[in-house]
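Please read the structure below before turning to the comments.
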Amino acid sequence: MKCDLIENRLIVWNIEDSRKLFSSGYYGKPIGIPKPKFDEIDVPLILDLIEGLYLLECKKISIYKDKKKITTEAMIEICKKEVHEFDKKYLVYKNFRDKGYIINPGIKFGCDFAVYEKGPGIDHAPFLIQVYNRSDSMSSTAIVVAGRLATTVRKQYIYAIPTGKDNDDFIALDWWKA
């Protein structure tokens, strides 16, 4: 499937390819359809850079910029320039995707990722993920804010700490009333 890199997004123009890609794992967002169903996709699909790189590495898409094919190595360099702390975010993204989870940007929740077990529209994302380095400090206020956010939207807040190529450590916050 062919994608065009335009600024910091990838676009799948072919509608049939958009349907196939979305239905194969909820990749991307159909333009102008906030809660799409598989059979409703009749528009191009927008992918963010992290999921685009993942799909490129899995050989599910090819990426072009100005009609020139982009290599995996070139895409990694683009991601490093465009995505803040790309290396560690990509490790976490890949870890969850490889385990069969659906992982979307978590910007509307104020975190890095929202993680679904089945997919948007089928279930609610049970997890919110914030990626940290082991050396990053966490203030007590930040932990309380994360916990309050997660409780409000009925999700578990998880700090993901990449520790190696295929490994992450996790700290999960559960809130309960005494």
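The values are calculated or read from the model by the stated rules, or taken from the named source; none is laboratory data. All of these numbers come straight from a predicted model, not from anything done at the bench. Every residue, glycine as well, gets a Cβ built from its backbone with ideal geometry; the counts of neighbours run over all protein chains shown.
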Point to revise | segment 7-43, residues that are out of contact with any Phe, Trp or Tyr (no Cβ under 8 Å at 6 or more places or on another chain), crowded, with 18+ Cβ neighbours inside 10 Å, in a strand (DSSP E or B) and not hydrophobic (A, V, I, L, M, F, W, C) | key: K29
Review point. Any idea which residue in segment 53-79 is surrounded by the fewest Cβ atoms within 10 Å (Cβ to Cβ), counting only those that are in contact with a Phe, Trp or Tyr (Cβ under 9 Å, 6 or more places away or on another chain) and closer than 16 Å to I102 by Cβ?
Key: K60
Check your understanding: Does any residue of segment 125-148 turn out to be in a strand (DSSP E or B), surrounded by fewer than 16 Cβ atoms within 10 Å (Cβ to Cβ) and outside the structural domain of E40 (by TED's automatic domain parsing)?
Key -> no
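Determine, yes or no, whether I158 is more than 19 Å from G52 (Cβ to Cβ), of a type in the set (A, V, I, L, M) and buried (at least 19 other Cβ atoms within 10 Å of the Cβ).
The answer is yes for I158.
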Exercise for review: Write out, first by first residue and then by second, each pair whose Cβ atoms fall under 6 Å of each other, whose residues are 6+ apart or on separate chains, and whose first residue, in segment 127-139, is free of Cβ contacts under 8 Å to residues at least 60 places away in the same chain while the second is of a type outside the set (A, V, I, L, M) and part of a strand (DSSP E or B).
Suggested key: F127/Q156; L128/Y157; I129/F113; Q130/Y159; Y132/Y159
Exercise for review: Might you let me know whether segment 95-112 holds any residue that is touching a Gly at 6+ places or on another chain (Cβ under 8 Å), in a strand (DSSP E or B) and surrounded by 21 or more Cβ atoms within 10 Å (Cβ to Cβ)?
Suggested key: no
Study note, to complete from the structure: In segment 80-94, anything β-branched (V, I, T) and surrounded by fewer than 19 Cβ atoms within 10 Å (Cβ to Cβ) is listed as V83
Exercise for review: Could you grab the pairs with beta carbons closer than 6 Å, sequence gap of 6+ or different chains, first residue in segment 156-178 and modelled with pLDDT under 80, second one surrounded by 12 or more Cβ atoms within 10 Å (Cβ to Cβ)?
Suggested key: D168/V92; D168/N95; D168/A160; D168/P162; L173/G147; L173/Y157; W175/G147; W175/T151
Practice item. For segment 79-94, indicate whether the set of residues that are modelled with pLDDT under 90, part of a helix (DSSP H, G or I) and closer than 30 Å to Y157 by Cβ is non-empty. Key: no
